[in-house]
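What follows is a set of notes on a single structure, which appears directly below.
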Amino acid sequence: MGMSSLKLLKYVLFFFNLLFWICGCCILGFGIYLLIHNNFGVLFHNLPSLTLGNVFVIVGSIIMVVAFLGCMGSIKENKCLLMSFFILLLIILLAEVTLAILLFVYEQKLNEYVAKGLTDSIHRYHSDNSTKAAWDSIQSFLQCCGINGTSDWTSGPPASCPSDRKVEVLGMSFALTLNCQIDKTSQTIGL
């Protein structure tokens with residue numbers, strides 16, 4: 001490779017890692033904000049440390065460290081930092097592939113575990129203020145009600161459940177109409 005190509009590669013690697021470092025700072029900052037202003041509470045009482053804020057802090061910190069190694073290693077042309085950057089990226093890639101395989105293999109068990117945890121937290125809705133705050137925030141923000149609908153709430157849905165379902169019905173109507181039109185068009189064309 002020519003010297004100009006190496007110089008271009010050096011600065012491209014630096015700027016991309018600088019961008020990732022800034023994104024890592026933002027994710028870390030948002031995670032700290034979520035930890036301070038804990039609006040979502042704890043939904044999974046079996047794993048109380050599994051909160052959105054904690055996940056963002058961990059992910060943001062990892063991104064910052066890896067991007068820092070890439071930035072400094074490329075701009076200083078330091079072989080040790082570049083090799084550390086490479087090894088950390090390799091470890092992250094292997095962890096992602098392993099996690100994807102495990103999620104695929106244990107998908108059913110994970111779904112059952114999450115459903116059980118959420119159902120348990122629904123039962124704690126009236127007795128635990130942090131659970132109540134979490135469900136109210138999530139249902140208001142996502143415009144949903146419970147896990148599968150209002151039937152999840154044995155004592156009736158709370159006030160945070162949206163009452164207006166006309167948008168859903170309208171969306172279902174549009175989808176059904178479009179589906180019928182596609183069938184008619186396919187028959188006309190002969191597909």
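The values are calculated or read from the model by the stated rules, or taken from the named source; none is laboratory data. Everything numeric in this text was worked out from a predicted model, so none of it was measured. As a convention, Cβ positions derive from the backbone with ideal geometry for all residues, glycine included, and neighbour counts pool all protein chains shown. Ligands, DNA and RNA are stripped out before the accessible areas are found, and what is left, the full protein with its side chains, is counted by its heavy atoms. Shrake-Rupley method; radii C 1.70, N 1.55, O 1.52, S 1.80 Å.
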Arrange the peptides 145-157, 86-98 so that the one whose residues have, on average, the most other Cβ atoms within 10 Å appears first. 145-157, 86-98
Over region 5-159, with a single point scatterer placed on each C-alpha, what log10 of the ratio I(q)/I(0) does the Debye formula yield at q = 0.19 1/Å? -1.15
Scan the chain and note any complete DSSP helix (H) whose C-alpha atoms cover at least 18 Å along its axis and whose Kyte-Doolittle average is -0.5 or more. 3-36, 52-76, 79-105, 129-142, 166-189
Accessible carbon and sulfur surface of the chain relative to its total accessible area, %, 1.4 Å: 70 percent
Helical contribution to [θ] at 222 nm, DSSP H n ≥ 4, -39,500 (n - 2.57), averaged over the chain, rounded to 500: -26000 deg cm²/dmol
Compute the accessible area per residue over the chain, keeping the other protein chains in place, probe 1.4 Å, unit Å². 71 Å²
